[in-house]
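No value in this document is a laboratory result; all are computed from the given coordinates. It should be emphasised that the depicted structure is a prediction, and the values quoted were computed from it without experimental measurement. All Cβ positions, even for glycine, are placed from backbone atoms using ideal geometry, and neighbour counts span all protein chains on display.
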Amino acid sequence: MPLDPQVAVVLAELEKMPKLWEVPLEVLRQGALPRPTEVTSVASVRDVVIVTPAGPIGGRLYRPLPGTLPLLVYFHGGGFVLGNLDSHDEICRQLAASSGAAVLAVDYRLAPEHKFPAATDDSLAAVRWAAANAAALGTDPARIAVGGDSAGGNLSAVTSIRLRDEGGPVLVAQMLIYPVAAHYEPPTRSIVENAEGYFLTLDAMKYFTGLYLPDEAATRHPHFAVLSTPNLAGLPPAYVLTAEFDPLRDEGEAYAARLREAGVDVETIRYDGMIHAFFGLPGIDIGRRAVEAAGAWLAGRFSRS
């Protein structure tokens with residue numbers, strides 16, 4: 001399909017920006033994407049401190065309703081280098097409102113100050129902290145899911161694997177929004193087709209990965225390249241979203257296929273005409289509808305549990 005007209009408008013503005021590596025990191029972290037003009041209302045929002053073995057990290061809890069709620073632990077995107085509680089505030093609000101679940105956003109440590117596996121360790125610890133502190137959060141420790149976009153999708157997949165292999169808790173679901181699932185070499189067809197011109201470029205992938213991974217061996221580690229995980233059986237049901245004009249499209253769909261082959265219940269959806277980062281992106285109607293659809297899927301998984 002052709003590029004969505006609303007995406008084309010946003011993309012034209014984004015392409016006026018300088019290259020990532022031309023901007024000091026502290027400036028880049030102040031925000032590279034459009035911010036919403038409207039804020040989705042939820043019953044309550046409060047910042048929390050998540051205690052991990054490596055030290056405290058930030059978190060933000062969104063509650064759409066009173067009472068004991070299921071919980072989505074959400075990991076933001078940003079190439080393992082960018083993003084914070086504020087950058088994905090509206091997405092978390094939309095997910096809470098559309099799923100009826102509480103959402104705990106996690107401010108995991110970023111590269112290059114904290115290289116792999118720091119973010120994966122924080123993500124694992126955050127889920128365990130949430131389960132241990134469910135009463136204080138007003139959530140159900142037996143109904144926890146993980147989710148995230150891009151780098152956060154990778155962390156969700158990795159955390160699902162690590163919880164299976166390292167003693168739980170057991171997850172109800174994993175929501176993977178255009179996840180990083182492998183290294184960019186060898187390139188997939190979608191990397192070749194979308195290497196330039198669609199916001200996330202191959203050069204940007206090289207930039208982020210170079211800051212995140214400490215060495216060449218880490219490019220093949222299954223806690224980064226989840227496609228290299230030998231056994232995917234016994235993982236929680238998955239929702240895998242991809243975008244047509246996204247370099248990460250093929251690896252996300254390949255990971256979904258491997259999950260399905262391993263007996264995991266998987267729902268996949270490719271949004272044609274869309275680019276990487278469209279999920280919840282202001283100015284793109286389909287982006288908001290995609291968040292609502294993901295939230296509805298999550299509500300269904302929680303109701304079954």
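General observations
- Stokes-Einstein D in µm²/s, Kirkwood radius over Cα pairs - region 5-304 at 20 °C with 1.002 mPa s viscosity: 114
- In order through region 272-288: 3J(HN,Hα) via Karplus (6.51 cos²θ - 1.76 cosθ + 1.60), integer Hz, x for Gly, Pro: 5, x, 9, 10, 4, 6, 6, 4, x, 6, x, x, 10, 4, 5, x, 5
- Gain on full extension, evaluated as 0.36 nm per residue between Glu196 and Ala254 minus their Cα-Cα distance, stands at 18.7 nm.
- The aspartates and glutamates whose alpha-carbon is closer than 19 Å to the alpha-carbon of Lys19, local same-chain residues fewer than 8 away aside, are Glu196, Asp203, Asp246.
- Cut-off under 5 Å, modelled amide H: who pairs with Val48 long-range: Gly59, Arg60, Leu61
- Exposed GluC sites (Glu not before Pro) absent - longest run of the chain, DSSP non-H/G/I/E/B, at most 13 other C-beta within 10 Å: 197-305
- Region 1-67: trypsin sites (Lys or Arg not before Pro) in DSSP coil with no more than 10 other Cβ atoms inside 10 Å: Lys16, Lys19
- Dipole magnitude for region 215-305: computed about the Cα centre from +1 point charges on Lys and Arg Cβ and -1 point charges on Asp and Glu Cβ, it is near 360 debye.
- Residue (of Tyr62, Leu213, Gly77) at the positive-pole extreme of region 5-304, dipole from beta-carbon charges: Tyr62
- Taking each residue as 0.36 nm, the span from Ala262 to Ala136 lengthens on full extension beyond its C-alpha to C-alpha distance by 41.8 nm.
- GNM remark for the chain: springs join alpha carbons under 10 Å apart, and the peak mean-square fluctuation among Leu211, Leu235, Leu155 falls on Leu211.
- Fewest neighbouring Cβ atoms within 10 Å first, the residues Met205, Met274, Met17, Met1 line up as Met1, Met17, Met205, Met274.
- Legend: ranking of residues Leu200, Leu85 from fewest to most surrounding C-beta atoms inside 10 Å; resulting order Leu85, Leu200.
- Remark: relative contact order (region 134-190) = 39 percent; criterion is Cα-Cα distance under 8 angstrom and separation of 6 or more residues.
- Dipole magnitude for region 5-304: computed about the Cα centre from +1 point charges on Lys and Arg Cβ and -1 point charges on Asp and Glu Cβ, it is near 800 debye.
- Available extension along the chain between Thr68 and Gln30 is 10.2 nm, counting 0.36 nm per residue and deducting the alpha carbon span.
- When His88, His223 are sorted by how many other C-beta atoms sit within 10 angstrom of their C-beta, beginning with the fewest, the order is His223, His88.
- Global form of region 136-292, assessed from the alpha-carbon gyration tensor, a/c cut-off 1.5: oblate
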